[in-house]
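The values are calculated or read from the model by the stated rules, or taken from the named source; none is laboratory data. In this text the structure is predicted, and so the values were computed from the model without any measurement. Quick reminder, even Gly has a Cβ in these numbers, built from the backbone with ideal geometry, and neighbours come from all protein chains shown. SASA here: full protein model, heavy atoms, side chains in, ligands and nucleic acids out. Shrake-Rupley method; radii C 1.70, N 1.55, O 1.52, S 1.80 Å.
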Amino acid sequence: MKTSRKLFLLGPLILFLLACKEKPKENPAVEKTQMEDTFYTEAYRPQFHFSPTEKWMNDPNGLVYHDGVYHLFYQYYPEDIVWGPMHWGHATSKDLVFWEHKPIALFPDENGYIFSGSVVVDEKNTSGFGTEEKPPLVAIFTYHNVNGEKAGRSDFQTQGIAYSIDNGETWEKYQGNPVIPNSGIKDFRDPKVFWHKESQKWILALVAGDHAQFYSSEDLKEWEYMSEFGKDKGAHGGVWECPDLFPLNVDGTGEEKWVLLISINPGAPNGGSGTQYFIGNFDGTTFTTTQKDTRWLDWGTDNYAGVTYNNIPNEDRIFIGWMSNWQYATDTPTENWRSAMTVPRKLSLQNFGEEIGLVNYPLENLGTILKSEINRDIVVPAGAEETLNFDHFNQSEVRFNTEAKDLVLTFRNSMEEELVLTMDNAQKAFSLDRIASGKTGFQEDFGSKIQQMPIPNLQEKSNEVRILMDWSSIELFINGGQYVMTAQLFPNAPYTELQISNPSAASIELNEFEVSRAESIW
Ligand code: FRU
């Protein structure tokens, strides 16, 4: 055979072999699913929220910004749509709106499953894993040793580290793992690490059952215990998980406060999992607060284990939460993947009268995928109602300003299923009722109760209401994130009708009532 003919035949074979070699073998799911027509169009698949291509996901992990890229790692089980041996899945974004799936970053090893944790950019190469010119990314996570757990031991969770010198593409585990052993605390996990400029040290916050512990280090390998917080503070209806500690300026004052986020499961105000926060001070060693009450970042049932980005330019605090609840996380009616993240939200501290509150609100970038389709003022006479039709509220944003303090918004579909949101002035409460919203019977707690959120400090004048609704979720923000509720929904058909009811004795106005279509990010 002529050489050129041989090459002609061999060429495609060589190309095919090369292509096979380059495939991210750890995550065949990404490529397989992408080729199918159904890619990201399955029932309930979120269109503008992050969800894995397939299989089980829970907490966001290792949120870090580096070299123009936002990384999102997440608790991932690539074999099933229920929780299992935990890996770190990985995705990246340039704008926190569109995401690119990456191969799995961390796999379980002889020390255990890879539970939640964080990633830092080791700028000064304190760990020695990279160079100062090419600083390493270092992941700090919990090892969960199932054999230890099965054997009835209490020291089966330890902290380990891994590093990447190619901007998170590939990871090496540290040979000296674990870096923080366990002295016999059953729930000992979820390290969040950050660089503390004032003391020129790494600070690590983790949870130990009913409290948080703080450690410090100079090289991310040797850790020294410093202090603990919280045995007698805040909510204790369940185990503490996923801490985060960071400073924020109080808006408009320049005063700095430290915020400690603690997820708790169970014990959230509307059942199951939820995230509380403490506002206080951190002096490099100890976190203190004078806060007496328990505060919740989000009053809905489905925002858990959320943490913030490390290494963000201009000190913005960007938060992502897991949009589910351990009460029913493994039962929700999706088929080849399970659960999604909240939209990325900016956290800030704001003064509300006497009180400083932690506010969370979608990033402005989200506006790039929102296309306004309805925008007008709406007047609803006393005791009356107005109905708006839109072909797909389940992929939209609805927002308006109103002085009304009594208001009912009902989203309805062709099957008479409805989601009811009520602002009740007498009770100073906002409620979210998903009891008849669609599929609810997959687990007893999902549709059993109306979710309640106290709204004691509304503005006298106009208040802003903003709703982001995707195919299986709603995120509600009042006054730029002063009051927030996030919940999953599984309607049997998209909501196409929105009824605005005015239960009060005077007519109400909803100004600049705007409905925007959200474009799909997939
Ligand atoms: C929170 C959590 C973490 C743990 C991880 C395990 O949802 O329970 O405390 O590290 O999930 O997947």
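For the stretch 313-416, rounded, prolate or oblate, judged on the Cα gyration tensor with a ≥ b ≥ c (square roots of eigenvalues), a/c < 1.5 rounded, else prolate if a/b > b/c?
Oblate.
At F98 and E416, where each label point lies 7 Å from the Cα along Cα→Cβ, what is the point-to-point distance in nanometres?
Once both label points are built, they end up 4.4 nm from each other.
Compute the distance in nm between two label points, each set 7 Å from the Cα along the Cα-to-Cβ direction, one at I435 and one at F39.
4.3 nm
If I take R0 = 25 Å and measure r between the Cβ atoms of N336 and T170 in this structure, what FRET efficiency does the formula 1/(1 + (r/R0)^6) give, to the nearest 0.05?
About 0.40, to the nearest 0.05.
Take every DSSP beta bridge with both residues inside the chain and express the antiparallel ones as a percent of the total, to the nearest 5.
Percentage antiparallel, nearest 5: 95.
Rounded, prolate or oblate, given the Cα gyration tensor of the stretch 117-231, with a/c below 1.5 counting as rounded?
Cα axes put the stretch 117-231 in the oblate bin.
Run the numbers for E132 and D283: contour at 0.36 nm per residue of separation, minus the present Cα-Cα distance, in nm.
Gain on stretching E132 to D283: 51.6 nm.
Which aspartates and glutamates, on any chain, are close to K231 with Cα under 16 Å apart, when same-chain ones fewer than 8 places away are left out?
Excluding near neighbours in sequence, the set is D187, D210, E241, D293.
Could you sort the peptides 40-49, 340-349 by per-residue average Cβ neighbour count (10 Å cutoff), highest mean leading?
340-349, 40-49
Using the heavy atoms of the protein chains alone and a 1.4 angstrom probe, what is the accessible area of the chain per residue in square angstrom?
Averaged over the residues of the chain, the accessible area is 41 Å².
Got the relative contact order for the stretch 38-195 handy, in percent, Cα pairs under 8 Å and 6 or more residues apart?
16 percent
Measure out, as a whole number of angstrom, how far apart the alpha-carbon centroids of the stretch 448-515 and the stretch 83-97 sit.
The distance from the Cα centre of the stretch 448-515 to that of the stretch 83-97 comes to 30 Å.
Give me the mean projected area, in nm² to one decimal, of the convex hull enclosing the Cα positions of the stretch 38-152.
Projected area, direction-averaged: 8.8 nm².
Percent of alpha carbon pairs in the stretch 391-522 separated by more than 19 Å?
48 percent
K231 to S520: FRET efficiency via 1/(1 + (r/R0)^6), r the Cβ-Cβ distance, R0 45 Å, to the nearest 0.05?
0.45
If each residue of separation counts as 0.36 nm, what is the full-extension length gain between D80 and N511 once their alpha-carbon separation is subtracted?
Result for the pair: 150.5 nm of gain on full extension.
Give, rounded to the nearest 20 debye, the magnitude of the charge dipole that the chain has about its Cα centre when Lys and Arg contribute +1 at Cβ and Asp and Glu contribute -1 at Cβ.
It comes to approximately 1240 debye.
Give me the net charge of E460's neighbourhood, meaning all other residues with Cβ under 13 Å from the Cβ of E460; Lys, Arg count +1, Asp, Glu -1.
+1
Please list, in chain and number order, the residues 5+ apart from I180 or on another chain whose amide H is under 5 Å from its amide H, with Hs placed from the backbone.
Amide H to amide H, under 5 Å and 5 or more residues apart or across chains, I180 pairs with Q159.
Using a 1.4 angstrom probe on heavy atoms only, work out the carbon and sulfur share of the accessible area of the stretch 62-103 in %.
Carbon with sulfur: 47 percent of the solvent-accessible area.
According to a simple spin-label model (label point 7 Å from Cα along Cα-to-Cβ), what is the distance in nm between Q291 and Q499?
3.9 nm
Take the Cβ-Cβ distance between E222 and K150 as r, set R0 to 30 Å, and report the resulting FRET efficiency rounded to the nearest 0.05.
Result of the calculation: an efficiency of 0.50.
Could you please state how large a percent of the accessible area of the stretch 481-520 is carbon and sulfur, counting protein chains only and using a 1.4 Å probe?
42 percent
From the phi of every residue in the stretch 56-67, what ³J(HN,Hα) in whole Hz does the Karplus formula 6.51 cos²θ - 1.76 cosθ + 1.60 yield, where θ is phi - 60° and glycine or proline is x?
After applying 6.51 cos²θ - 1.76 cosθ + 1.60, I find 7, 10, 10, 3, x, 10, x, 5, 8, 10, 7, 6 Hz.
Please report Rg over Rh for the chain, where both radii come from the alpha carbon positions and Rh follows the Kirkwood definition.
0.99
Round to a whole angstrom and tell me the spacing of the C-alpha centers of the stretch 287-306 and the stretch 341-376.
With the stretch 287-306 and the stretch 341-376 each reduced to a Cα centre, they are spaced 18 Å.
Can you give the extra length, in nm with one decimal, that the chain gains between D424 and T387 once fully stretched, where that is 0.36 nm per residue apart less the Cα-Cα distance?
Taking 0.36 nm per residue and subtracting the Cα distance, the gain is 11.3 nm.
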